[in-house]
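These notes concern the structure reproduced below.
The values are calculated or read from the model by the stated rules, or taken from the named source; none is laboratory data. Only a predicted model underlies this, so the values are computations on that prediction, with no experimental measurement involved. Ideal geometry is used to build each Cβ from the backbone, glycine not excepted, and the neighbour counts take in all protein chains shown.
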């Protein structure tokens, strides 16, 4: 839905006024739309592109050098009126004639056509190009009768570049139609869009399904199928578009393509990149070379949840114009940097560093470290939902997931290092790096630092005794204090870690019993973690809640206590940490 509205009837006008105020270097207001802030060069054809509002960046966002000279903007999903199209065209035209470009929709055809008739009656040469890239809206043999969706971007980009390069009106029209005839798009939707001020969406897709062949004016798809994974959606789109790949020839299309993966308003960039990874893989497997791909929101439909794939089957001329510079508020392409620079020959790959030489005793201990990491992983997995529920009170509920990701990565990386002959020190350092990378966030950094610091106490040159295990655990806790900066009473992991540290030191000094000392220290940590329910948070995400943070224990403190208790059980198992190894 649209949240920020004055009068819904004025939404398109208000948005256009704000857009012009935000981009004065590029555009100025004309009746019913915008034109470039600079005059059209004398004799240059004016490319006037437009349609209904609600599609930004289309169409006003594409006005500037290398693309459009002006854009009439209708109401939400409504064609601009003939008078608006005429006014913008009159403002942009400067003796070179006008190319009117728009998606092939009935209202646009009528209003742009009516404006063209008036301009021609006044002696202005006008050409009309209707973008018709949507393969779902018509048969392959009737390509120019289809509707236009995200292919608008590539057709107007290529036509605008041809004009910038000196094309006259005839040539600009020819290139625009050539681009249109080489362009195919296919899309899916998961939920319809909502008009400003409306209570509900224009259409709904059943839960667990997706609509195939959406339009950009709130039109639902032509059929509904079960919802797929990102890879399955990518395959669906690629298969659909490549059904109409033309024959490859030495003189024309040779397997080079421009690609646009377009989000329609709610499917955001990270999701699009997930899909595009598969798209790129599929296109490469088909022997296609992608030229300057675009992934993002280019032709939207307010808040529609959906995406589309556009492919342009390039020849040399279309590729040249696709790559040409453009400078608009929403689409920029710089001139190529021709400065000679050496090619990169490689990048750092984590885990490819040479494993240091280790002694037999340290390698034996490394195996037990791997077992301990697996205990942490399994315990975290068992408690993932519980940790997440605690975190949901103060944050976004991701603590359980983060701990699960981190511990899984640490166990996997530690095991891989041990299998390559690593000693205990190297295994822990690899595990710490993996925990931090896989988990991310505060807990990922702290647990990663703790494992790395513990590894710094160990050695690859020999085994260790239980006293060194205690020192390693204390070193890990000290790293948490040093890096995190929290103090007792802040309502963080520290509130459980410090009682654990103090109890562990005291009990081990008294008994030299590692397992028993760990269990008693874990009990102290558990009591301290539960007591954080009565603390008002001073650090971390809970601090913004103030007094509302009271009543729920800190999830980081709780998870620390749970894992230390599990390690206590592990150390009590047969031969977990024997006497000193040689």
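Condition check: in the same structural domain as residue 296 (by TED's automatic domain parsing), at pLDDT 95 or above and over 20 Å from residue 314 (Cα atoms). Does residue 164 satisfy that? For residue 164, the condition - in the same structural domain as residue 296 (by TED's automatic domain parsing), at pLDDT 95 or above and over 20 Å from residue 314 (Cα atoms) - is not met.
Checking 117, 142 one by one, the residue that is free of Cβ contacts under 8 Å to residues at least 12 places away in the same chain, surrounded by fewer than 24 Cβ atoms within 10 Å (Cβ to Cβ), under 23 Å from residue 175 (Cα atoms) and out of contact with any helix residue (DSSP H, G or I) (no Cβ under 9 Å at 6 or more places or on another chain) is 142 and no other.
Of the strands (runs of 3 or more DSSP E) lying entirely inside region 172-242, those carrying at least 3 residues that are more than 19 Å from residue 152 (Cα to Cα) and without any contact (Cβ under 8 Å) to a residue 24 or more places away in the chain are 223-226.
As for region 5-24, it holds no residue that is touching a residue at least 24 places away in the same chain (Cβ under 8 Å), assigned to a strand (DSSP E or B), assigned by TED's automatic domain parsing to the domain that holds residue 95 and under 30 Å from residue 320 (Cα atoms). One residue stands out in region 80-104 among those that are closer than 22 Å to residue 219 by Cα and touching a strand residue (DSSP E or B) at 6+ places or on another chain (Cβ under 6 Å): the one that is surrounded by the fewest Cβ atoms within 10 Å (Cβ to Cβ), namely 104.
Condition check for residue 521 on (1) at pLDDT below 95; (2) within 20 Å of residue 570 (Cβ to Cβ); (3) buried (at least 16 other Cβ atoms within 10 Å of the Cβ): one failure, at (1). State whether the residues of region 221-232 include one that is surrounded by fewer than 23 Cβ atoms within 10 Å (Cβ to Cβ), within 24 Å of residue 180 (Cβ to Cβ) and either touching a strand residue (DSSP E or B) at 6+ places or on another chain (Cβ under 8 Å) or assigned by TED's automatic domain parsing to the domain that holds residue 137 (or both). Yes, some residue in region 221-232 is surrounded by fewer than 23 Cβ atoms within 10 Å (Cβ to Cβ), within 24 Å of residue 180 (Cβ to Cβ) and either touching a strand residue (DSSP E or B) at 6+ places or on another chain (Cβ under 8 Å) or assigned by TED's automatic domain parsing to the domain that holds residue 137 (or both). Reported count of residues in region 372-407, each being surrounded by fewer than 16 Cβ atoms within 10 Å (Cβ to Cβ) and closer than 30 Å to residue 468 by Cβ, is 3. Residues of region 250-280 that are surrounded by fewer than 18 Cβ atoms within 10 Å (Cβ to Cβ) and part of a helix (DSSP H, G or I): 269, 270, 271, 273, 274, 277.
For (1) buried (at least 20 other Cβ atoms within 10 Å of the Cβ); (2) modelled with pLDDT under 80; (3) assigned to a helix (DSSP H, G or I), each residue gets a yes or a no:
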residue	(1), (2), (3)
543	no, yes, yes
546	no, yes, yes
556	yes, no, yes
559	yes, no, yes
565	no, no, yes
568	yes, no, yes
575	no, yes, no
578	no, yes, no
581	no, yes, no
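Taking the numbered list (1) out of contact with any helix residue (DSSP H, G or I) (no Cβ under 9 Å at 6 or more places or on another chain); (2) assigned to a helix (DSSP H, G or I); (3) in contact (Cβ under 8 Å) with a residue 40 or more places away in the chain in turn, residue 283 passes all entries but (1).
Regarding region 43-51, can at least one residue be identified that is within 30 Å of residue 144 (Cβ to Cβ), surrounded by fewer than 24 Cβ atoms within 10 Å (Cβ to Cβ) and touching a strand residue (DSSP E or B) at 6+ places or on another chain (Cβ under 9 Å)? Can you show your working first?
Let us first name the residues in region 43-51 that are within 30 Å of residue 144 (Cβ to Cβ), namely 43-51.
From the residues that got through so far, the ones that are surrounded by fewer than 24 Cβ atoms within 10 Å (Cβ to Cβ) too are 43-44.
Now narrow it down to the ones that are touching a strand residue (DSSP E or B) at 6+ places or on another chain (Cβ under 9 Å): none.
Checked against the condition, which is being within 30 Å of residue 144 (Cβ to Cβ), surrounded by fewer than 24 Cβ atoms within 10 Å (Cβ to Cβ) and touching a strand residue (DSSP E or B) at 6+ places or on another chain (Cβ under 9 Å), region 43-51 yields no hits at all.
Can you confirm whether residue 329 is over 29 Å from residue 221 (Cα atoms), in the same structural domain as residue 184 (by TED's automatic domain parsing), touching a residue at least 12 places away in the same chain (Cβ under 8 Å) and not in a helix (DSSP H, G or I)?
Numbers: over 29 Å from residue 221 (Cα atoms): yes; in the same structural domain as residue 184 (by TED's automatic domain parsing): yes; touching a residue at least 12 places away in the same chain (Cβ under 8 Å): yes; not in a helix (DSSP H, G or I): yes.
In short, yes.
Scan region 120-139 for residues that are in a helix (DSSP H, G or I) and free of Cβ contacts under 8 Å to residues at least 24 places away in the same chain and the total you get is 2.
Checking each residue in region 162-171 for being surrounded by fewer than 24 Cβ atoms within 10 Å (Cβ to Cβ) and assigned to a helix (DSSP H, G or I) picks out 164, 169, 170, 171.
Limited to region 286-303, what total is found for residues that are closer than 30 Å to residue 60 by Cα and either over 17 Å from the mean Cα position of the chain (by Cα) or part of a loop (DSSP other than H, G, I, E, B) (or both)?
So the answer is 10.
Of 471, 462, all but one fail to be surrounded by fewer than 20 Cβ atoms within 10 Å (Cβ to Cβ), assigned by TED's automatic domain parsing to the domain that holds residue 373, more than 41 Å from the chain's Cα centre (by Cα) and at pLDDT below 95; the exception is 462.
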